[in-house]
1. Within region 125-140, does at least one residue satisfy the condition of being surrounded by 15 or more Cβ atoms within 10 Å (Cβ to Cβ), over 22 Å from the mean Cα position of the chain (by Cα) and modelled with pLDDT under 95?
2. Looking at (1) closer than 24 Å to Asp136 by Cβ; (2) buried (at least 19 other Cβ atoms within 10 Å of the Cβ), find the lone condition where Thr333 falls short.
3. Does region 343-375 hold any residues that are in a helix (DSSP H, G or I), surrounded by 19 or more Cβ atoms within 10 Å (Cβ to Cβ) and of a type in the set (Val, Ile, Thr), and which are they?
4. Filter region 179-220 down to the residues that are more than 27 Å from the chain's Cα centre (by Cα) and not aliphatic (A, V, I, L, M), then identify the one that is surrounded by the most Cβ atoms within 10 Å (Cβ to Cβ).
5. Would it be correct to say that Leu83 is crowded, with 21+ Cβ neighbours inside 10 Å and under 19 Å from the mean Cα position of the chain (by Cα)?
6. For region 138-160, indicate whether the set of residues that are over 22 Å from Trp190 (Cα atoms) and in a loop (DSSP other than H, G, I, E, B) is non-empty.
7. Would you check which residues across region 156-170 are among the aliphatic types (A, V, I, L, M), at pLDDT 90 or above and surrounded by fewer than 22 Cβ atoms within 10 Å (Cβ to Cβ) and list them?
8. Got at least one residue in region 312-326 being touching a residue at least 60 places away in the same chain (Cβ under 8 Å), within 20 Å of the chain's Cα centre (by Cα) and surrounded by 18 or more Cβ atoms within 10 Å (Cβ to Cβ)?
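The values are calculated or read from the model by the stated rules, or taken from the named source; none is laboratory data. As the structure is a computational prediction, the values presented were derived from the model and not from experiment. Note: ideal-geometry Cβ built from the backbone for every residue, glycine included; neighbour counts use all protein chains shown.
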Amino acid sequence: MKLTKQQWQWIFYDWANSGYGILVVTAVLPVYFKAVAQHAGISAADSTAYWGYANSFDTLVVSLLAPLLGALADYPQAKRKWLNLFAWSSIILTVGLALVPTNMWRLLLVIFILSIIGYSGGNLFYDSFLTDVADDLQMDMVSSTGYGMGYLGGVIAFIVFLTAQLSNGFGGLLSSYGIAKFSFWIAAIWWGIFGWPLLRHGRQRYNVPSAENPVRDSLRRIKETLKHIRRYRQFYWFLIAYFFYIDGVDTIFTMATSIGKDLGVNTTTLMLVLLVVQLIAFPFSVLYGWLARRLSTKKAIIIGIVIYIFICIYALHLKTMFDFWLLAILIGTSQGGLQALSRSYFGQLVPKDSSSEFFGFYNILGKFSAILGPLIVGVVTQWTNQSTVGVASLSVLFLFGLIIFWLLPSTD
């Protein structure tokens, strides 16, 4: 399938903001914040707690605002305006992370919270643009290519950071704090340059009629959607299935480093594993789009869920570095593909003129799904004193998601 210019613009936005996702959210800022906080006299336990509170707060804010923000973006030519507002706010705030003095850990945390609200809110509008750039037959391939290019873009941005890290700050030009701040500059510039085509030229094809008071009208539309939710049975049953299995996907990814530490894997190796997972995810995300065309979107998603069930069960036998690498590779093969096809499957279900409103609900489930999985892993790990058993317990989430999703009709 030949992709159009606008589809490539949409795809490269995923490439663009992935630098923020891997450098700011995942790899650098968590470690940098702990170092800055502890240098200010904050204990390791307290700094971890503050970081957890910050992530919980931004998740809560975006989740509560998501339906309203989505509904507001469904008016004529509003989607690109909202995407620009949230994206550029986050890009500027990411630069702000690099400018905060190293003795102001509270300000650093506040700027991070505001930046990730912009990042997460922007992704809501970006996801809903899928219905504008692709029809139902194209969505699987376009969404999968977007995820794949996102992983590749994140890897390249990450390699630039690793170059600074492994060269000791380019031969001593940067301190350890300077290397972290350099990564924030990379994330912001990367996002601004490669996100510009969609931010400048994104075209909204579908919309609801204009309203004199968009906020009031949006709240009315959300109320009507919830009131008549039975009209969208496949929509809400899919969201329930998605809630369970995507919770397992996110939890396994976020817990991977902790499990690696339990196995005695050093930090440098963990960074290398993260890099390899991202590299593997690039071609396999695209492969899932091909599978969806050959089989069906539903069957390809089921394959991804089954692979994750195997990952959970295999975790019980996790003892050596070979086992750890094997699980990491398996995660890389299915993580992006499962997320990409879930997005396109959902995009095929929703009314096109209200896609942002419905993606608001999708965003809520994606955010709140980050609660149950870590809780299960924590409780089971403490009960058994084995983190691998905690990961294996996540198979319950995947089984629930698989059973519910299996009963849904195909969109093909």
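1. yes
2. (1)
3. Residue satisfying the conditions is Ile364 alone.
4. This residue is Asp217.
5. So Leu83 passes the test.
6. There is at least one residue in region 138-160 that is over 22 Å from Trp190 (Cα atoms) and in a loop (DSSP other than H, G, I, E, B).
7. Ile156, Ile159, Val160, Ala164
8. No, because not a single residue in region 312-326 is touching a residue at least 60 places away in the same chain (Cβ under 8 Å), within 20 Å of the chain's Cα centre (by Cα) and surrounded by 18 or more Cβ atoms within 10 Å (Cβ to Cβ).
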